[in-house]
Amino acid sequence: MSRSAHPAGPRHADVLTEGHYSAPAADLNVLDEKVWSRTVTRDADGALTVGGIAVARLAEEFGTPAYFLDESDFRARCRAWSEAFGPDADVFYAGKAFLSRAVVRWLKEEGLNLDVCSGGELSTALDAGMPAERIAFHGNNKTVAEIERAVEAGVGRIVLDSFQEIVRVAHIAQRHGVRQRVQIRVTVGVEAHTHEFIATAHEDQKFGIALADGQAAEAVRRALSLDGLDLIGVHSHIGSQIFDMAGFEVSARRVVQLLAEIRDEHGVELPEIDLGGGLGIAYTSEDDPREPHEIAKALSDIVTRECESAKLRTPRISVEPGRAIVGPTAFTLYEVGTIKPLEGLRTYVSVDGGMSDNIRTALYDAEYSVALVSRTSDAEPMLVRVVGKHCESGDIVVKDAFLPADLAPGDLIAVPATGAYCRSMASNYNHALRPPVVAVRDGEARVIVRRETEEDLLRLDVG
Ligand code: LLP
């Protein structure tokens, strides 16, 4: 959800007058570079190109719907994050946003670490050659089998999320004759300004151990007392798609205060803190995300200042951006099918995908942009709702947008900023076949996750 996406009202509130939408100010043929990946442009014929390849060719070769991921943009964003935080900090890409073996290889080559939160993500990471010590293992309900696997593989850290897990990981580590490096995830009590389902640092939710009532201090006591654990630091993740830095600053301050209390009680200065992910991206022209260097500066300034005043050595900082790295690097390409004008309301434009390839609009009231990309058009703008082909009316991809009035079946339209939490949350609802992810770079396109087939569906259905 972009900032404006909140249940508060429609994005086009500014153009909504007494129930009527007026035409958008911007030329529909102009692609706002804020929401499109970096190599996207229109060619001389007006067709959108990415990595130098026109969408018509991509559609012909790979079909629709499909996600096209701009590899050089992905790599550039990885570098921007790691350069912004510098050698004294670690950037862990949050694999839940989108993970595949190719992505793991890119991360490895660009020097990033990886946050995984399930056995499936861990196996993808290890299979593609991510060194185990560069992996952080997360989750509020890791199974014993998952913990065993992580400990055996030698992951760099397990982020402990409950009292039961502290004991469980300690036992498993001892059984394997190792001291497992761990962090404790604390709930700092911040109300992040984002959708309720993706805010995680207020107290009434399932993640972490609360700071406020002394639970986090107790968790630290227990972790320090167990031989199987090497407590390296404290972790806080306050939520996702957040623009306001204030929440991160409060979180950083509270985490440093906890380190000072630990020093006072135990005489130990924990060497690391992790401030999680959650930085917002632009889904529409109205969103203004922060650049990695601004985020890095804001966080490191506050940690340094708080540590100075508490007379603590400054810990090594780590962060876990997922959406901010992969989100802006991909778009979903759809073919327009049925077009249904509803007099006095809007025009419903149906595409060949829907909530099975992008659940975010239905789930979080998320906002997206959309453009006609197989050609340009001088036709008048028409108010549209882009919907999928699934059997429910909540199957909406883009709730309110404008497309040219001469839009016709067979046109290609694209929804930008779908790199994060779209393919990774895709489903087979109505036995939809999950779309492929195609990486595009320097005039070459290659499938990194192939399209599902009906045989794939039938293979799982063992009759
Ligand atoms: N670290 C931890 C511990 C997390 O739980 C998450 C996201 C991240 C890092 C990465 O957050 P990011 O930088 O991507 O915001 N499905 C939702 C987002 C759920 C985020 C879950 N945790 C969506 O589509 O908006």
>> Just to verify a number: FRET efficiency for Thr338 and Asn141, C-beta to C-beta distance, R0 = 56 Å, to 0.05?
In response: 0.85
>> List the residues, sorted by chain then number, that are 5 or more residues from Phe98 or on another chain and whose placed amide H is less than 5 Å from its amide H.
In response: Tyr421
> How far, in nm, would the chain grow between Glu152 and Glu60 when pulled straight, counting 0.36 nm per residue and subtracting the alpha carbon separation?
Replying inline: 28.6 nm
> Hey, fewest Cβ within 10 Å first, where do Glu380, Glu306, Glu203 land in order?
Replying inline: Glu380, Glu203, Glu306
> Relative contact order of the stretch 343-450: what whole-number percent is it, with Cα pairs under 8 angstrom and at least 6 residues apart?
Replying inline: 30 percent
> Excluding Val151 itself, what net charge comes from residues whose Cβ is under 13 Å from its Cβ, given Lys and Arg +1 and Asp and Glu -1?
Replying inline: +1
> Hey, what do the phi angles of the stretch 94-101 turn into as Karplus ³J(HN,Hα) couplings, whole Hz, using 6.51/-1.76/1.60 and θ = phi - 60°, x for Gly and Pro?
Replying inline: 7, x, 4, 5, 5, 9, 8, 5
>> Quick one: 3J(HN,Hα) in Hz for the stretch 428-440, Karplus 6.51/-1.76/1.60 with θ = phi - 60°, rounded, Gly and Pro as x.
In response: 9, 3, 6, 6, 5, 9, 5, x, x, 10, 10, 8, 10
> At a Förster radius of 25 Å, what calculated FRET efficiency corresponds to the Cβ-Cβ distance of Gln257 and Ala298, to the nearest 0.05?
Replying inline: 0.90
> How compact and how long is the chain, expressed as Rg and Dmax of its alpha-carbon atoms in Å?
Replying inline: 23.2, 72
>> Let me make sure I get this right: for the stretch 242-374, a, b and c are the square roots of the gyration tensor eigenvalues over alpha carbons, sorted descending. Under 1.5 in a/c it's rounded, otherwise prolate if a/b > b/c, else oblate. Which is it?
In response: prolate
> Packing-wise, with mean Cβ within 10 Å as the measure, how do 209-222, 124-137 rank, highest first?
Replying inline: 124-137, 209-222
> Across 10 Å bins from the origin, how do the percents of Cα pairs in the stretch 138-321 run, short distances first?
Replying inline: 10, 37, 35, 16, 3, 0
>> Could you list Asp442, Asp365, Asp411, Asp161 so that the one with the fewest beta carbons within 10 Å of its beta carbon is first and the one with the most is last?
In response: Asp442, Asp365, Asp411, Asp161
> Which percent, nearest 5, of DSSP beta bridges in the chain are antiparallel?
Replying inline: 50 percent
> Excluding Val351 itself, what net charge comes from residues whose Cβ is under 12 Å from its Cβ, given Lys and Arg +1 and Asp and Glu -1?
Replying inline: -3
> At what distance in nm do the modelled label points of Leu363 and Glu203 sit from each other, each positioned 7 Å from its Cα along Cα→Cβ?
Replying inline: 2.8 nm
>> Under 8 Å for C-alpha pairs, at least 6 residues apart: give me the relative contact order for the chain, rounded to a whole percent.
In response: 21 percent
> Once all Cα-Cα distances of the stretch 344-463 are split into 10 Å bins that start at 0, what whole-number percent is in each one?
Replying inline: 12, 39, 34, 13, 2, 0
> Can you give the helix-only mean residue ellipticity at 222 nm for the chain, where every DSSP H stretch with n ≥ 4 adds -39500 (n - 2.57) and the sum goes over all residues, rounded to the nearest 500 deg cm²/dmol?
Replying inline: -8500 deg cm²/dmol
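Values quoted throughout were computed directly from the atomic coordinates according to the rules given, and no laboratory measurement underlies them. This one's a predicted model, so the numbers in the text were calculated from it and none came from an experiment. No Cβ is skipped: glycine too gets one built from the backbone with ideal geometry, and neighbour counts run over all protein chains shown.
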